[in-house]
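The values are calculated or read from the model by the stated rules, or taken from the named source; none is laboratory data. Everything numeric here is computed off the predicted structure, so don't read it as measured data. A quick note on method: Cβ atoms are made from the backbone with ideal geometry, for glycine too, and the neighbour counts reach across all protein chains shown.
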Amino acid sequence: MSDYKKMWADLGLNLQAHDALLSVLGKAYQDIYLAQKNRPAGMGYFDFVMSEVHGLRIKELLDEKAAGRKVIGSYCVFVPEEIALAGNATLVGLCSGADFATEEVEKLLPRNTCSLIKSSFGFKLGKVCPYLECSDMIVGENTCDGKKKAYETLKTLVPNLYVMDLPQVKSAEGRALLKAEYFRFKAAVENLTGVRIDADKLRKSIAIVNNKRKAIHRLMSLRKADPAPISGLDALLANQVFFYDNPARFTESVNKICDELETRIERKEGVFPKKTPRILISGCPMAVPNWKLPWIIETSGAVIVGEESCVGERGTRNLTADSGSTANELTEAIVDRYFKIDCAIFTPNPDRMNHIAEMAETYKADGVIHYGLQFCQPYLMEAIPVEKALESKNIPTLRIDSDYSMEDLGQLKTRVEAFVELLR
Ligand code: SF4
Ligand code: SF4
């Protein structure tokens, strides 16, 4: 990492704590990512992005801000990037994938809160996230109970929190709520940036975000091959970087990797030998640097071929229609696209059940590992019917509950190894 200390200090980061975070992150990346074999050469781009995730990318965002753009931070895939971009703002994901300042966090949140929510507080309280500190607006959303109550407290920690209400039922009333909230968000973005969002700007931003999604769809599709041309860890990384990178550069870099993977497939080359047991991961999102479970799986003799997750196919699968001719019509198309997201906060949620089985078939998965964060009621509750539905289709399923600590590493490894053995 180059010397960005002044930039971090100007953002108000705690340099000592931030150095500690970067050193843990660097070591984990080395041990988990760089230790992999047979990686596509194109992953070099993502290695570079990760080595500069708090450096060059932050500098770029600050340069954008100096040139008049705004930065909006988000914790959820329901925050529509198309609207942010059309209003001359850059949307960044606020990762929340590691424990930080836990003691401080537990003064504000109950201990039995999921790691994701705790992490979002820890990064703020520990002053270690430059994305959070350079955001002109931070969007929270009323999804699960944990998040919506936590935002009441987060509001006292950040001056610029905007809370978006979200439906919990896929009904006409639910869609009407999402639509009202997206129009309210559009007005809030216009207010923040001073830019009027018109049809032309929306059409361009829809194209940019759709292109990013199409590149990921292409990558996903190549993972159907056996041997798998890319590891699940590397594909997860691309899905994670989706939330930070410059969209056009991201699209180009993923497409380059896909070109390389096509050649690999033609030559029947892969990251693991042919007939390696293939796993689909389903459940809670895995934000950077939450790589624990994929790492365990891929060092236990299996390969991950898909992620039914918001950092994965649940987040990227649908495109936004661009045929509307007015700003209202295009915003309606955005509402239609996002209303299909089958997060476990919805009740009932049959689409997710169907999608998991469909993904298992499409990616020729031998089994599914359902990943639930401890204390995440929506996903842990839904894990049981998911397991039943998959097993009724003879798809072996393993339910894992975990958190961000490394305490359960040995126990998880034993369970995953036994599951992989069963798949053989
Ligand atoms: S799991 Fe639900 S709450 Fe979490 S990012 Fe996805 S849509 Fe948002
Ligand atoms: S992991 Fe579960 S409990 Fe945690 S924020 Fe997401 S939906 Fe809420």
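What tally of residues in segment 105-120 results from selecting those that are within 16 Å of ligand 1 (Cβ to nearest atom) and of a type outside the set (S, T, N, Q)?
4
Being of a type outside the set (Phe, Trp, Tyr), on the phi > 0 side of the Ramachandran plot and either modelled with pLDDT of 95 or more or within 19 Å of the chain's Cα centre (by Cα) (or both), is that true of even one residue in segment 188-202?
Within segment 188-202 (the criterion being of a type outside the set (Phe, Trp, Tyr), on the phi > 0 side of the Ramachandran plot and either modelled with pLDDT of 95 or more or within 19 Å of the chain's Cα centre (by Cα) (or both)), the answer is yes, since at least one residue qualifies.
Failed condition for Glu103, given (1) closer than 18 Å to Pro378 by Cα; (2) free of Cβ contacts under 8 Å to residues at least 12 places away in the same chain, with all others met?
Against the list (1) closer than 18 Å to Pro378 by Cα; (2) free of Cβ contacts under 8 Å to residues at least 12 places away in the same chain, Glu103 comes up short only on (1).
State which residue pairs qualify: first residue modelled with pLDDT of 95 or more and assigned to a helix (DSSP H, G or I) and inside segment 369-390, second residue more than 13 Å from ligand 1 (Cβ to nearest atom) and charged (D, E, K, R) in any location, beta carbons under 7 Å apart, and separation of 6 or more residues or different chains.
Leu380/Asp401; Ala383/Arg399; Glu387/Arg399
Take Lys149 and tell me if it is of a type in the set (D, E, K, R), touching an Asp or Glu at 6+ places or on another chain (Cβ under 8 Å) and not in a strand (DSSP E or B).
no
Could you figure out which of (1) assigned to a helix (DSSP H, G or I); (2) out of contact with any strand residue (DSSP E or B) (no Cβ under 8 Å at 6 or more places or on another chain) isn't true of Leu412?
It fails just one condition, (2).
Any chance you could count how many residues in segment 97-122 are more than 14 Å from ligand 2 (Cβ to nearest atom) and either in contact with a Leu (Cβ under 6 Å, 6 or more places away or on another chain) or not in a loop (DSSP other than H, G, I, E, B) (or both)?
Qualifying residue count for the region: 7.
Just one of Ile334, Ile304, Ile341 is away from ligand 1 (no atom under 16 Å from the Cβ), crowded, with 18+ Cβ neighbours inside 10 Å and β-branched (Val, Ile, Thr); which is it?
Answer to the check: Ile304.
Looking at (1) within 16 Å of ligand 1 (Cβ to nearest atom); (2) in contact with a Cys (Cβ under 7 Å, 6 or more places away or on another chain); (3) among the basic types (Lys, Arg), which is the only condition Arg213 fails?
Tallying (1) within 16 Å of ligand 1 (Cβ to nearest atom); (2) in contact with a Cys (Cβ under 7 Å, 6 or more places away or on another chain); (3) among the basic types (Lys, Arg), Arg213 fails exactly one: (2).
Specify which of the listed residues (Glu358, Glu313, Glu391) is away from ligand 2 (no atom under 16 Å from the Cβ), charged (D, E, K, R) and crowded, with 21+ Cβ neighbours inside 10 Å.
Going through Glu358, Glu313, Glu391 in turn, the sole match is Glu313.
Any residue at all in segment 152-166 that's touching a residue at least 60 places away in the same chain (Cβ under 8 Å) and at negative phi?
Looking for residues that are touching a residue at least 60 places away in the same chain (Cβ under 8 Å) and at negative phi, one finds at least one in segment 152-166, hence yes.
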